[in-house]
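The values are calculated or read from the model by the stated rules, or taken from the named source; none is laboratory data. Values in this document were obtained by computation on a predicted structure and should not be read as measured data. Every residue, glycine among them, receives a Cβ derived from its backbone with ideal geometry; neighbour counts consider all protein chains shown.
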Amino acid sequence: MNSRNIGLLVFGCLILIYGRVFACPFCTMQGQTLVGEVNQASMVLFGTLKNAKIGNADGSDGSTDFEVEKIIKDHVIRAGKKTLTLPRYVPPDKDGKYKFLLFCEVYKDKLDPYRGVAVPPESEIVPYLQGALALKDSPLPKKLGFYFNYLENNDSEISNDAYKEFGNAGYKEFEIAAKLFSREKVISWLKNSSTPSFKMGLYASILGHCGKPEDAKILKQLLEDPDKQSASGIDGVFAAYAMLNPKEGWDYLVAVMKNPKKEFLFRYAGLRAVRFFLEFAPDLIPRQKLIEAIVFLLDQEDISDLAIEDLRKWKVWDQADKVLALQEKDAYKKIPIVRRAVLRYALSCKDNKAAEDFVKKQRVADAQGVMDAEELLKLEQPAPPAK
């Protein structure tokens, strides 16, 4: 997939998420967590599957025994039994490589096991869940302190779930918690070549809050590693570098964004870092500098549409002349998505004669296109409060 197609794909995603405030700016995984699933289930047990018996060819009336070892959430239907017979066939684990976290519903006094999570026998998933549930009424920063200790757990079910808890957390609470985390531990994770790239943004962001100015060199090394420049978390590295060393970090980010020879994903990560400062840390980098960095992208045809959309989102109307000047550029003439971005910007830019003239011209040249753009803009408006 070339840079232009990647840009189109990314823009399509942005249409869906504009107006939504992501909890963790640099987390790529959000959604239902294990604690959330436990809260929704009628009963959650940990144990071993045995004595699987096949009924019909599809296993629909088979059975499997479940030997209960630990109880995460109990239900009267268990009646203290240490072995439950599940009303379905589950292929046996002959080598004993796994134990199971079993989620059950109870419907009309019948047990309905609807989800099983296979984990290694040595998994810490039971103490993990017990500890997390014990903190249900605690402040979120305290909960994040608990999950921090499981971010690199050997069991991927646990480590990914802890990461997801950070993804669901509000940034203000994350900021409070991150300042208290172990700087040494985060540095070791960032230096570890086996650390998943999608976690790099979160870890870098944590270091940006708990680290020292000299730690900025670690982040710069990550940014200069060609193998990491297209990683999903590199935007967090950009932001953390500027947090720990505002001058050098910001100058480095701007140099990347200004250089059209840099890979699209690397420049786009810089743009996402700029968005972070605009939305979550407006006091760190002056707003005018942030806007200037976005403007640098207007002349880069593979990313100019995203820059225009950001200028519109942040209501930067004093750059209207530069946006409208794109009409004379090749990107405007040959890339429809750039033309649509310019049109949306002009439609949103009120009390600007040049923008009004542009829209009038477009209504004559492509009336349906203008109507479609206006409809999309209406969809972005927040819904009126419920009565």
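Quick grid of which residues meet (1) within 26 Å of the chain's Cα centre (by Cα); (2) among the aliphatic types (A, V, I, L, M):
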position: 78; (1), (2): no, no
position: 90; (1), (2): no, yes
position: 94; (1), (2): no, no
position: 114; (1), (2): no, no
position: 120; (1), (2): no, no
position: 129; (1), (2): yes, yes
position: 134; (1), (2): no, yes
position: 139; (1), (2): yes, no
position: 147; (1), (2): yes, no
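Yes or no, residue by residue, for (1) under 30 Å from residue 305 (Cβ atoms); (2) surrounded by 12 or more Cβ atoms within 10 Å (Cβ to Cβ); (3) modelled with pLDDT of 95 or more:
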position: 21; (1), (2), (3): yes, no, no
position: 26; (1), (2), (3): yes, yes, no
position: 30; (1), (2), (3): yes, yes, no
position: 33; (1), (2), (3): no, yes, yes
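For region 165-239, give me every one of the helices (runs of 4 or more DSSP H) that falls completely inside it and has 1 or more residues that are closer than 20 Å to residue 265 by Cα and either of a type in the set (Val, Ile, Thr) or free of Cβ contacts under 8 Å to residues at least 12 places away in the same chain (or both).
Working: elements: 171-178, 183-191, 200-210, 216-223.
Once the helices (runs of 4 or more DSSP H) in region 165-239 are filtered for at least 1 residues that are closer than 20 Å to residue 265 by Cα and either of a type in the set (Val, Ile, Thr) or free of Cβ contacts under 8 Å to residues at least 12 places away in the same chain (or both), what remains is 216-223.
Table: residues versus (1) more than 25 Å from residue 224 (Cβ to Cβ); (2) outside any helix (DSSP H, G or I); (3) modelled with pLDDT under 95; (4) of a type outside the set (Gly, Ala, Ser).
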{"site": "248", "(1), (2), (3), (4)": "no, no, no, yes"}
{"site": "269", "(1), (2), (3), (4)": "no, no, no, no"}
{"site": "291", "(1), (2), (3), (4)": "yes, no, no, yes"}
{"site": "298", "(1), (2), (3), (4)": "yes, no, no, yes"}
{"site": "324", "(1), (2), (3), (4)": "yes, no, no, yes"}
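Across region 71-80, a minimum of one residue is classified as free of Cβ contacts under 8 Å to residues at least 40 places away in the same chain, closer than 30 Å to residue 165 by Cα, crowded, with 16+ Cβ neighbours inside 10 Å and not charged (D, E, K, R). Considering only region 31-70, state which residues are touching a residue at least 24 places away in the same chain (Cβ under 8 Å), more than 22 Å from residue 127 (Cα to Cα) and among the hydrophobic types (A, V, I, L, M, F, W, C). Within region 31-70, 52, 54 qualify.
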